[in-house]
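Encoded as structure tokens, the structure appears first; notes follow it.
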Amino acid sequence: SCSWSGKALVTAPVRTCSATDVPLSDVNAQSGCTSGTAYTCSNQQPWAVSDTLAYGFAAAKLFGQGESNWCCACYLLTFTSGSVAGKRMV
């Protein structure tokens with residue numbers, strides 16, 4: 001829902017794409033997770049800047065805060081288990 005208009009103080013919401021990666025013009029299209037037509041565009045997949053750091057986009061809900069607090073915010077995640085243990089993502 002952070003890609004819908006009015007969710008954060010930005011000049012334009014994040015673009016979404018169809019299931020075939022075609023950008024959608026309807027910024028209020030519902031998520032494919034709920035039978036809608038909006039999906040993450042392939043150009044929004046994570047990218048590595050080194051062997052230990054990557055940038056990417058994620059959906060999250062922060063306890064005790066509203067969407068205007070967590071939409072378009074940056075967080076540093078440090079993975080603690082598995083093959084990515086010790087690696088970070090912003």
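The values are calculated or read from the model by the stated rules, or taken from the named source; none is laboratory data. Note that the structure is predicted; figures quoted are calculated from it, not measured. Note that we place each Cβ from the backbone using ideal geometry, even for glycine, and neighbour counts take in every protein chain shown. Just so you know, the surface numbers come from the protein's heavy atoms only, side chains and all, with ligands and any DNA or RNA stripped out. Shrake-Rupley method; radii C 1.70, N 1.55, O 1.52, S 1.80 Å.
Given the rule -39500 (n - 2.57) for each run of at least 4 DSSP H residues, summed and divided by the residues of the chain, what is its mean residue ellipticity at 222 nm, to the nearest 500 deg cm²/dmol?
Only helices count here, giving -500 deg cm²/dmol.
Using R₀ = 30 Å, calculate the FRET efficiency as 1/(1 + (r/R₀)^6) where r is the Cβ-Cβ separation of residue 18 and residue 85; round to 0.05.
Plugging the Cβ-Cβ distance into 1/(1 + (r/R0)^6) gives 0.25.
Find how much the distance from residue 78 to residue 45 grows on full extension, using 0.36 nm per residue of separation minus their present alpha carbon separation; answer in nm with one decimal.
10.1 nm
Write down Rg/Rh for the chain, rounded to two decimals, with Rg from the C-alpha atoms and Rh from the Kirkwood relation over Cα pairs.
Looking at the chain, the ratio lands at 1.00.
Not counting ligands, DNA or RNA, and with a 1.4 Å probe, what is residue 81's accessible surface area in Å² rounded to the nearest 10?
We get 80 Å² for residue 81.
Once the piece of chain linking residue 60 and residue 11 is laid out straight, how much longer is it, given 0.36 nm per residue of separation minus the C-alpha distance between them?
In short, 15.5 nm is gained.
Quick check: the distance between the Cα centres of the range 56-88 and the range 33-55, to the nearest angstrom?
A separation of 13 Å, based on Cα centres.
What is the set of long-range amide H partners of residue 16 at a cut-off below 5 Å, with H atoms built 1.01 Å from backbone N?
Result for residue 16 returns 24.
Hey, got a sec? Which trypsin sites (Lys or Arg not before Pro) in the range 1-86 land in a DSSP loop and have at most 16 other Cβ atoms within 10 Å?
In loop regions of the range 1-86 (DSSP not H, G, I, E or B), the sparsely surrounded trypsin sites (Lys or Arg not before Pro) are 15, 61.
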